[in-house]
Amino acid sequence: MMTTTLQAFVQSVDPKTLPRVLQIQSGFYHGGSHYELSGNECSLSTGDLIKITEIKVKKVIATHNEYNRLPAAEFPPDFSGLFTIVAEKNPYHSIEEIVQTLHIGSLPFGKPMFYSLSKLYVGDITIDEHKNIIINSVEEINGIKSVICKVTSEGTNHSFILPLSHAGEFYECQDQRIYTLKEIVDWKIPKNRTRTVMLKDIIGNSASQKLSYSAFIKGMMVLKPVYEVKTLTEYGGFFNLSSDLDVEVLDITQQCNLKLFTQILNTQDIFEKTTNEFPFVAEILEGPLKHYMAYKILKCGKRIIVHRKFQADRIIASELRSDLPMRHFLIPCGYKGKFKRRPRFFPTVYDLNVAKKELVDLHVVATKSFHPVHKEFSSLHIGDILQVKKFKSCEILWDGTKTVVDTLECATIKDGNSVEVIIPLYAEGGFMEIVYDSKQYSLSELCKNFHLPLNVKVSVRDLCTVGQDILANTSVLKLEEQITDSYLLISLYDKPEDVWELPVFRLSISFRVIDHFNGKVFSSPTKTNIEEINEEEYYMVRRYENHVQLPPPRPPKTPLYMNKSRPITGQETLPTNENAEGTLLFESSQKAGLSASNDMDSNITTMPSKDKDPEQH
């Protein structure tokens, strides 16, 4: 054992070996032997014992590359920027070096990809040089620490095992993912190392942040984290120490009884417990930072029962309003309220074709006129009501050359007769869905009978929510997609029958485990927990769910031969009008992940609905 400075200890310790117990050897911080339990300050005396439970980033210093002489900037750990990572140019000389350098975990960004400069022969599998290899996990197999890898060859996935001792010359593959700063720091920057990244954008509505960091956007920079340590005293108090604090310490972990210290866990620590360790009673030491009503009961000192951990389905929903910033929600599939369908908007004929594939019967009203230059196509006028029929290819004649154009066949009623309407898919336009359905649906019925996305309004609130039903006062909700997320099933100690789900990755709560629980255990929630999530969380949950899905196809562009003609769309549009429920947002297909022309008229709104929705209580 050797005495060292706190900074030297932080630089040398492997975070995987935490917690560690240190004894203060010399140095003072605000003198005396008093502990300030606010989480920021403390005083240390020689002989005091502290338990290092976590090494976390205090801030990140960003410097431009050597050719750019702009001053360095400081990013807070929760900076809401989106980054791409530049692949490391230096080689790794063994699998162990890769594992020690990069964090391997179950989430998508915890599965690094690399390639070998020479062929690998693993059993009966030959892996060519420069072939992308994904590390899925680190396991101990037959007493040998190894990595479980995956490689794709000719469309087939092959899994194989490599021991950490396997030597070679390995390089990191260029990563196409988008990361937040916290993800890069947690997963992609080894402690006391730097990382070259590019800042792509700043999410959310922080205009001041965009202005402050505008010089860094779309520029290459080098990130270096500055650390602080989260420590626990013998008496149960915890606080943060800057890693450069002028204190000398001695690591006495091997000689110290760790039971002298209270065990502090966060939601992720609890989720990593084995199934047979549940249920148990825990006391909240630090409540969640979120101010949402659903979590206000989780105050410091409150005791809870943690029944079990599990995966639960959620529906991502966004409130469609033009007068306020957009709100986002995660709704449990067991939500007990009722919904009524509301119209959707389709900015192009292509969007109509996509929607038709998902609905048996689709009726829309044109909100923008369309004047074709070819007699094979039909004209549209504002107010025309169409029944969307099917996709078809149509042959037209242009300059003596036959050209095949993708179109959508629809039907409209004129003079009491059904008339065929043919519109090319490349045509810009505007269409509002006509919803004749006045039935009230549960969330499970909507997911079963319709395809998402879907526009709805709450008609009957859920009376079994934690706190008030925050969906009841929203205008129109767009149900976007279903995801699966990680939760803890908990209840308050004095109300064990009111069981609800606590999100694992979106709340920062510190717990002290007290004892095993021997009472009645619940395996499903009895109360509904609707989460309101911010812009960054919304982006994250959608990204995690979609990382393996292919992007939607791009809509067809206007054919080159049309450029010689007059514009194919008229200038007439429906005037903006707000209905009793608020203006429904016009959604461009570009926002939905599709590409559309930039000059489309977005001044489109709903027609007044035929019925009002009296809210039932």
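The values are calculated or read from the model by the stated rules, or taken from the named source; none is laboratory data. Here the structure is a predicted model, which is why all the values come from computation and not from measurement. Because the Cβ atoms are built from the backbone with ideal geometry, glycine has one as well, and the counts that use them run over all protein chains shown. Keep in mind that these areas ignore ligands, DNA and RNA; they rest on the heavy atoms of the full protein, side chains included. Shrake-Rupley method; radii C 1.70, N 1.55, O 1.52, S 1.80 Å.
Determine whether region 136-148 contains at least one residue that is among the polar types (S, T, N, Q) and not in a strand (DSSP E or B).
Taking every residue of region 136-148 in turn, at least one turns out to be among the polar types (S, T, N, Q) and not in a strand (DSSP E or B).
For region 319-341, give me each residue that is under 30 Å from Leu408 (Cα atoms) and open to solvent by less than 20 Å² (accessible area, probe 1.4 Å).
Leu320, the sole residue that qualifies.
Among the residues of region 66-82, which ones are open to solvent by less than 20 Å² (accessible area, probe 1.4 Å), farther than 15 Å from Glu536 by Cα and modelled with pLDDT of 85 or more?
The one that is open to solvent by less than 20 Å² (accessible area, probe 1.4 Å), farther than 15 Å from Glu536 by Cα and modelled with pLDDT of 85 or more: Phe75.
I want to confirm something. Restricting to region 245-259 and keeping residues that are part of a loop (DSSP other than H, G, I, E, B) and loosely packed, with under 14 Cβ neighbours inside 10 Å, which single residue is modelled with the highest pLDDT?
Going through the qualifying residues, I end up with Ile252.
Is it true that some residue in region 460-470 is among the charged types (D, E, K, R) and on the phi > 0 side of the Ramachandran plot?
no
Can we say His103 is modelled with pLDDT of 90 or more and open to solvent by 50 Å² or more (accessible area, probe 1.4 Å)?
Answer is no for this residue.
Condition first: open to solvent by 60 Å² or more (accessible area, probe 1.4 Å), touching a residue at least 12 places away in the same chain (Cβ under 8 Å) and either touching a Leu at 6+ places or on another chain (Cβ under 9 Å) or in a loop (DSSP other than H, G, I, E, B) (or both). Now tell me which residues in region 388-402 satisfy that.
Answer for region 388-402, where residues must be open to solvent by 60 Å² or more (accessible area, probe 1.4 Å), touching a residue at least 12 places away in the same chain (Cβ under 8 Å) and either touching a Leu at 6+ places or on another chain (Cβ under 9 Å) or in a loop (DSSP other than H, G, I, E, B) (or both): Lys389, Lys390, Phe391, Lys392, Asp399.
State whether one or more residues within region 456-473 are open to solvent by 30 Å² or more (accessible area, probe 1.4 Å) and acidic (Asp, Glu).
Among the residues of region 456-473, not one is open to solvent by 30 Å² or more (accessible area, probe 1.4 Å) and acidic (Asp, Glu), which makes the answer no.
Being open to solvent by 60 Å² or more (accessible area, probe 1.4 Å) and of a type in the set (Gly, Ala, Ser) is the requirement here; does Ser159 meet it?
So Ser159 fits the description; yes.
Among the residues of region 366-380 satisfying the criterion of being surrounded by fewer than 18 Cβ atoms within 10 Å (Cβ to Cβ) and touching a residue at least 60 places away in the same chain (Cβ under 8 Å), which is nearest to Pro453 (Cα to Cα)?
Per the criteria, the residue is His371.
Out of everything in region 484-512 that is assigned to a loop (DSSP other than H, G, I, E, B) and modelled with pLDDT of 90 or more, what residue ends up being farthest from Ile297 (Cα to Cα)?
Applying the filter and picking the extreme gives Val504.
Quick one: how many residues across region 403-424 are surrounded by fewer than 19 Cβ atoms within 10 Å (Cβ to Cβ), in contact (Cβ under 8 Å) with a residue 60 or more places away in the chain and under 23 Å from Lys357 (Cβ atoms)?
1
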